[in-house]
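**Student:** One structure, pasted below without further comment.
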Amino acid sequence: MNLGLKDKTALVLGASRGLGAAIASGLAAEGATVFAAARSVEKTEAWAHALPQGTGVVSPIPLDLGDLRSVDDLADRLLAKGGVDIVINNTGGPPPASAVEASRADWLIQFETMAANLFHLTGRLLPPMRARRWGRIITLTSSGVEQPIPRLALSNGIRSAIVGWSKTLADEVAADGVTVNVLLPGRIHTQRVDELDASAAKRSERSPADIAAASAASIPVGRYGRPDEFADVAVFLASERASYITGSKIRVDGGAIRGI
Ligand code: NAD
């Protein structure tokens, strides 16, 4: 299937590792020109240099989503080049906190970094897409927006707000050829997931391997997802072929969410 990504330009946020890096690599493998944004340009360079020859170009670009000036600098740089066709909104995950524990300051700081600055950046990058009558906005959230995850109140709450924003935006720009969707990762095996398993192991005095095995056993597919499996869905959604999918929430969770 020709995904029609060879002449497209993409911005991928949070691309120094994990799901962001996997999506950026996947888009480049389809020939897209990718701006891979993260706080550490060096970390992004490390994986980008290891990509096979013949793929699209990946350019690391600095971004701190917690800093509005950095967000605006990125928008200015991209708009000066004519903007991008595809935006993959991805952020770091918030710290664990129960709904009882999370403070007002926690909510404000995390909302600014994970949601408000991301809404602002998307808003700045939309005009050239609408003018060209082609665009893709894809935002990573979590299975927690459908099945809230215990002790992840900040993630469950803020990401549910992101779903509301995405759906509203989808309606506003659909007639301009811009699709807007959210992805719901279940448990995809990245460094962050290893770190979360290690901290759960510490709390429960079990080994990280035990925690991971129990967690995998709770997923119908019986294992964690691979970043490339997750990235394939994002790349398809970003493609020409996904032109009639908008305003949707798409699960990539091996069946982990129990409701339908
Ligand atoms: P990760 O921690 O490995 O990657 C997050 C990326 O965001 C990194 O590149 C990091 O450098 C970047 N980042 C963090 N703070 C930033 C900031 N202030 N400015 C710019 N970039 C910043 O996480 P991941 O496993 O790749 O997951 C990506 C997102 O999806 C996270 O928000 C995570 O909470 C969410 N998620 C992941 C899973 C999973 O199974 N992996 C499940 C549900 C939700």
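The values are calculated or read from the model by the stated rules, or taken from the named source; none is laboratory data. In this text, all values refer to a predicted model and were calculated from it rather than measured experimentally. Here the Cβ is made from the backbone with ideal geometry for all residues, glycine too, and neighbour counts use every protein chain on show. Protein only, heavy atoms only, side chains kept; ligands, DNA and RNA dropped before computing areas. Shrake-Rupley method; radii C 1.70, N 1.55, O 1.52, S 1.80 Å.
**Student:** Under 9 Å between Cβ atoms, which residue pairs at least 6 apart in sequence (or on different chains) link something in the range 231-260 that is in a loop (DSSP other than H, G, I, E, B) with a partner that is modelled with pLDDT under 95 and of a type outside the set (Gly, Ala, Ser)?
**Tutor:** Listed by first residue and then by second, the contacts come to 239/1.
**Student:** Shifting gears a bit: Could you grab me the full set of residues in the range 143-184 that are among the acidic types (Asp, Glu) and part of a helix (DSSP H, G or I)?
**Tutor:** Selection gives 171, 172, 176.
**Student:** Yes or no: residue 211 of a type in the set (Val, Ile, Thr) and not in a loop (DSSP other than H, G, I, E, B)?
**Tutor:** Yes.
**Student:** Out of the residues in the range 232-259 meeting the condition of being within 20 Å of residue 145 (Cβ to Cβ) and basic (Lys, Arg), tell me which one is farthest from the ligand (Cβ to nearest atom).
**Tutor:** Selected residue: 258.
**Student:** Then there's this: Give me the residue from the range 76-106 that is surrounded by 14 or more Cβ atoms within 10 Å (Cβ to Cβ) and away from the ligand (no atom under 16 Å from the Cβ) and, out of that set, nearest to the chain's Cα centre (by Cα).
**Tutor:** Looking at residues that are surrounded by 14 or more Cβ atoms within 10 Å (Cβ to Cβ) and away from the ligand (no atom under 16 Å from the Cβ), I get 86.
**Student:** Tell me yes or no: at least one residue of the range 135-145 is at pLDDT 95 or above, away from the ligand (no atom under 13 Å from the Cβ), touching a helix residue (DSSP H, G or I) at 6+ places or on another chain (Cβ under 6 Å) and open to solvent by 40 Å² or more (accessible area, probe 1.4 Å).
**Tutor:** no
**Student:** So if I check each of 132, 151, 206, which one is without any contact (Cβ under 8 Å) to a residue 60 or more places away in the chain and either touching a helix residue (DSSP H, G or I) at 6+ places or on another chain (Cβ under 6 Å) or closer than 30 Å to residue 105 by Cα (or both)?
**Tutor:** Only one candidate passes the filter, namely 151.
**Student:** Could you list, in sequence order, all residues of the range 105-145 that are small (Gly, Ala, Ser) and more than 20 Å from residue 251 (Cβ to Cβ)?
**Tutor:** Of everything in the range 105-145, those that are small (Gly, Ala, Ser) and more than 20 Å from residue 251 (Cβ to Cβ) turn out to be 105, 115, 116, 123, 131, 135.
**Student:** Just to be sure, is residue 18 within 13 Å of the ligand (Cβ to nearest atom), open to solvent by less than 30 Å² (accessible area, probe 1.4 Å), in contact (Cβ under 8 Å) with a residue 40 or more places away in the chain and at positive phi?
**Tutor:** It is true that residue 18 is within 13 Å of the ligand (Cβ to nearest atom), open to solvent by less than 30 Å² (accessible area, probe 1.4 Å), in contact (Cβ under 8 Å) with a residue 40 or more places away in the chain and at positive phi.
**Student:** Now for a different question. Give the number of residues within the range 190-210 that are acidic (Asp, Glu), within 13 Å of the ligand (Cβ to nearest atom) and open to solvent by 50 Å² or more (accessible area, probe 1.4 Å).
**Tutor:** 2
**Student:** Could you please tell me which pairs satisfy a Cβ distance under 6 Å, a separation of 6+ or placement on different chains, a first residue in the range 59-72 that is within 8 Å of the ligand (Cβ to nearest atom), and a second residue that is in a helix (DSSP H, G or I) and open to solvent by less than 60 Å² (accessible area, probe 1.4 Å)?
**Tutor:** So the pair list comes out as 63/70; 63/74; 64/70; 65/113; 65/117; 66/113.
**Student:** For the range 157-189, name all the residues that are open to solvent by 20 Å² or more (accessible area, probe 1.4 Å) and either closer than 28 Å to residue 213 by Cα or within 9 Å of the ligand (Cβ to nearest atom) (or both).
**Tutor:** 157, 159, 186, 187, 189
**Student:** Follow-up question, since we're still on this one. Being under 14 Å from the mean Cα position of the chain (by Cα) and open to solvent by less than 20 Å² (accessible area, probe 1.4 Å) is the filter; apply it to the range 211-231 and report the residue that is farthest from the ligand (Cβ to nearest atom).
**Tutor:** Residue satisfying both the conditions and the ranking: 231.
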